[in-house]
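Student: If you scroll down you'll find the structure; I have some questions about it.
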Amino acid sequence: MSERALTAPADTALTDGDFDPADLADLRAAVERLRRSRGVIVRAADLLAGMLGPAAALGLRQLRLPSGLIGKGQKLAETALKRAFEVAIAGVATTPRKGRVPRLSDRTGRMVAAASGAVSGFAGAIGFLPDVTLNTFLIMRRIASIAAEEGEDLTREDARAACLEVFAFDHPAATSGIIGRTEEADPELRYWTARFVLQGRPLMLMISEIAASYGIRVSQKLTLQAAPVIGAAGAAIVNSVFLDHYQSLARAHFTIRRLERRYGTDRVRMAWSALL
């Protein structure tokens, strides 16, 4: 989306007694974040091109998921999500701080994720489970921090459910074994569809359902990191890309929720459509 398109007359109509200009800018940024969320695995492979060369990166983008790995990835994802949720979010409701969580900075989170990926790269297959568990916790902790920054009260069940929803927003359009083909669905469509489908779901049921989509990403991540040419440095890059991807989705999601609390869902959707 071009800057010119975003500053067309529709912007003027929205800000005239309707949307605060700063809020409209925040909505615009959220739209852009969702649009850039396409293709986390492809972006990881592209970043590896600088280290491995374009030919190797092209090969990584065409990796096929081994038979049965998706099911294993789903189990890994569900276990990791449950542990991360219990530690990073659910425990907040029992603290006296009313849903506030200690902030995990982007830089710290990225450094820890990279270190975990590097260790996993050295350890090989036996390092996958600890790496997935730690990386999922880091992602969940960043999601919770961003939610709190955007005014969410994490003692509320709907706010905690919204943290889980972030893992569903990149649900692939297809579950074929080719990584590139799972990146085709429109990110905005995935966002609104996931919110509609998950609305009102009990938290534990949400974890199981979200694990189905997050498990595909975990399976792709493990396949990518297991490639012989990757090594520790490549695994560190993949982990950093994953963390950046989900915290960007979280920033977009909780910005939209903040605006919905102020203006109502219908008005935010109307403003969204006008921006597009």
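The values are calculated or read from the model by the stated rules, or taken from the named source; none is laboratory data. Keep in mind that what you see is a predicted model, and the values were worked out from it rather than measured. Virtual Cβ from ideal backbone geometry, glycine too; neighbours counted across all protein chains shown.
Student: Give the residues of the stretch 2-61 that are part of a loop (DSSP other than H, G, I, E, B), among the acidic types (D, E) and modelled with pLDDT under 70, sorted by residue number.
Tutor: D16
Student: So I178 passes all but one of these: (1) modelled with pLDDT of 75 or more; (2) surrounded by fewer than 20 Cβ atoms within 10 Å (Cβ to Cβ). Which condition number does it fail?
Tutor: (1)
Student: Is it fair to say A194 is under 14 Å from the mean Cα position of the chain (by Cα) and at pLDDT below 90?
Tutor: Yes: the conditions hold for A194.
Student: Hey, another quick one. List the residue pairs whose Cβ atoms are under 7 Å apart, where the first residue sits in the stretch 189-205 and is within 22 Å of S37 (Cβ to Cβ), the second is outside any helix (DSSP H, G or I) and aromatic (F, W, Y), and the two are 6 or more positions apart or on different chains.
Tutor: R190/F169; Y191/F169; A194/F169
For (1) modelled with pLDDT under 55; (2) buried (at least 23 other Cβ atoms within 10 Å of the Cβ); (3) part of a helix (DSSP H, G or I), each residue gets a yes or a no:
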residue: G127; (1), (2), (3): no, no, yes
residue: N135; (1), (2), (3): no, yes, yes
residue: D153; (1), (2), (3): no, no, no
residue: A159; (1), (2), (3): no, no, yes
residue: D170; (1), (2), (3): no, yes, no
